[in-house]
Amino acid sequence: MNDSARNHILDRLRSAPRQEAARPDVPSSAAADPDRSARVGRLKSLMEAMRTEVHVLPVAEWIPRLRDVLRARTVKTLLYAPETDLGAALAEAWQQDAAGLPELVAYSEPAESFKERIFAMDAAVTTAAGAVADTGALILRPTRAEPRLMSLVPPVHIAVLAAGTNHASLIDAMQAGRWAEDMPTNLLLISGPSKTADIELILAFGVHGPKELVVLILE
């Protein structure tokens, strides 16, 4: 295309009549509902649409439900973070009764010396720092005790979320977590198992991360 033709097209675009389209009323999101159960319901619905398995249950029932989730799968090793409150509860529960359950493997070494073992893990359980109901996403905030590799490498990732940390929007989560005062160096938003698509838009799961995501939301 020569310069005169290009200029002609641009002139026609500039001189074309313009009319601003009417802006439709935007209904308020269900996530904005102050009712916590509504936010939990929206989070569950959106995450299930992305092939996430979601369980909403009382706090006292999360260990028995975790046992059920593990027994329903061929899981021989379960990676956990022993220095976290979640990890301490798991270790105590397994000490009391580990019949028919996978071996608990503590992430207690530097990544450099532990990387061969972590790629052999069947599943991992981590804490979710929060969630965003409006978009159906978990917030993960990896730490030294609970590194990013735990939620990235094993084929099955199990995340435990306190229902009270499920926020209506990302800005609500940022304000509640005081991110401006303590900016996370590594923060993740995940809505489902790892997925990618080829040029024909055919989805494949688990290519670059877990094939399954299971979320336990504790009321």
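The values are calculated or read from the model by the stated rules, or taken from the named source; none is laboratory data. Just so we're clear, the structure is a prediction, and the values are computed from it rather than from any experiment. As a convention, Cβ positions derive from the backbone with ideal geometry for all residues, glycine included, and neighbour counts pool all protein chains shown. Calculation scope for accessible area: heavy atoms of the full protein, side chains included, ligands and nucleic acids excluded. Shrake-Rupley method; radii C 1.70, N 1.55, O 1.52, S 1.80 Å.
Below is a table of values for the structure above.
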read-out	value
Residue in the range 132-141 that is β-branched (Val, Ile, Thr), touching a residue at least 40 places away in the same chain (Cβ under 8 Å), surrounded by 12 or more Cβ atoms within 10 Å (Cβ to Cβ) and part of a loop (DSSP other than H, G, I, E, B) present	yes
The one condition in (1) closer than 28 Å to residue 74 by Cβ; (2) in contact (Cβ under 8 Å) with a residue 40 or more places away in the chain; (3) of a type in the set (Asp, Glu); (4) surrounded by fewer than 18 Cβ atoms within 10 Å (Cβ to Cβ) that residue 116 fails to fulfil	(2)
Leading residue by the ranking (surrounded by the most Cβ atoms within 10 Å (Cβ to Cβ)) among those in the range 39-77 that are without any contact (Cβ under 8 Å) to a residue 24 or more places away in the chain and not in a loop (DSSP other than H, G, I, E, B)	41
Test: residue in the range 93-102 that is of a type in the set (Asp, Glu), over 21 Å from residue 62 (Cα atoms) and not in a strand (DSSP E or B)	no
Of all residues making up the range 186-218, the number that are under 19 Å from residue 132 (Cα atoms) and either surrounded by fewer than 18 Cβ atoms within 10 Å (Cβ to Cβ) or at pLDDT below 80 (or both)	4
Check on residue 113, outside any loop (DSSP other than H, G, I, E, B), modelled with pLDDT under 95, among the hydroxyl-bearing types (Ser, Thr, Tyr) and farther than 13 Å from residue 154 by Cα	yes
Qualifying positions in the range 146-159 - part of a loop (DSSP other than H, G, I, E, B) and either open to solvent by 50 Å² or more (accessible area, probe 1.4 Å) or over 22 Å from residue 173 (Cα atoms) (or both)	148, 153, 154, 155
Residue match in the range 77-100 (condition: modelled with pLDDT of 95 or more, over 16 Å from residue 146 (Cα atoms) and touching a Leu at 6+ places or on another chain (Cβ under 7 Å))	yes
